[in-house]
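Here is the structure we will look at, set down as structure tokens.
The values are calculated or read from the model by the stated rules, or taken from the named source; none is laboratory data. This is a predicted model, so every value here is computed, not measured. Because the Cβ atoms are built from the backbone with ideal geometry, glycine has one as well, and the counts that use them run over all protein chains shown. Only protein heavy atoms, including side chains, enter the accessible area calculation; ligands, DNA and RNA are left aside. Shrake-Rupley method; radii C 1.70, N 1.55, O 1.52, S 1.80 Å.
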Amino acid sequence: MSALQSVVVPINRAGWPFIALFAAATAVLAFVAQPLGWIGALLTAWCVYFFRDPDRVVPARPGLLVSPADGTVQMIVPAVPPPELGMGPEPRLRISIFLNVFNVHVNRTPAAGTVKAAEYRKGRFLNAALDKASEENERMAIRLRLDDGREIAFVQIAGLVARRIICHLKPGQAVAAGERYGLIRFGSRTDIYLPDGVHPQVIVGQTTIGGETVIADLNSTEPARLGEVR
């Protein structure tokens with residue numbers, strides 16, 4: 001790997017139109033007044049930073065569920081998966097990961113499997129940190145059948161300033177663990193619903209790295225981790 005590759009992070013292609021728009025606005029602001037140009041340059045730099053898409057080293061051991069997003073574990077609670085996925089009315093353990101505007105916003109598949117359903121639902125744009133955002137906000141929900149026959153669900157949820165959910169998954173599509181599958185623009189949340197009897201290996205307040213942080217082990221009898229990061 002060259003020295004340049006070690007410091008230059010790839011940019012997600014969904015970000016280039018925004019970067020170009022910010023750069024054009026910066027040029028206009030600089031023409032009007034130089035101080036405004038510097039402000040525009042800082043905003044353009046932030047836009048580039050927001051759409052970064054770094055490579056990740058995905059754990060290879062079978063049975064591991066990896067985080068679908070960078071962010072902070074906000075809550076771990078029993079909840080019914082989105083009804084549009086047809087996974088029944090029984091609650092499952094839900095891990096909610098909050099992404100702020102400085103996190104990488106590229107989403108990754110938690111495990112290898114086959115997409116059984118991919119359902120978009122219009123909704124509100126409440127603060128993604130609120131519990132009711134899982135039910136009321138705009139979302140894209142995925143039902144994934146794992147290689148061992150069990151199923152999980154993971155959901156992209158729009159936030160207060162998020163206005164666009166991008167998802168490339170289609171029913172019948174086979175995916176690998178840690179595979180890039182979409183992006184949520186400008187602040188959001190990602191939920192994942194675990195299979196019955198599977199305990200989380202993360203705690204509330206913990207920072208996650210999409211595609212790398214192990215959030216659960218399907219083949220382990222280890223109890224759920226206790227505590228909270230403060």
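Overview of results
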| item | result |
| --- | --- |
| Wholly within region 153-230, strands (runs of 3 or more DSSP E) carrying at least 2 residues that are open to solvent by less than 70 Å² (accessible area, probe 1.4 Å), touching a residue at least 12 places away in the same chain (Cβ under 8 Å) and under 30 Å from Trp16 (Cα atoms) | 165-167, 180-184, 188-193 |
| Sole exception among (1) over 22 Å from Leu218 (Cβ atoms); (2) open to solvent by 50 Å² or more (accessible area, probe 1.4 Å); (3) without any contact (Cβ under 8 Å) to a residue 40 or more places away in the chain for Gly123, by number | (2) |
| Single condition Phe98 does not satisfy, out of (1) out of contact with any helix residue (DSSP H, G or I) (no Cβ under 9 Å at 6 or more places or on another chain); (2) over 30 Å from Arg150 (Cβ atoms) | (2) |
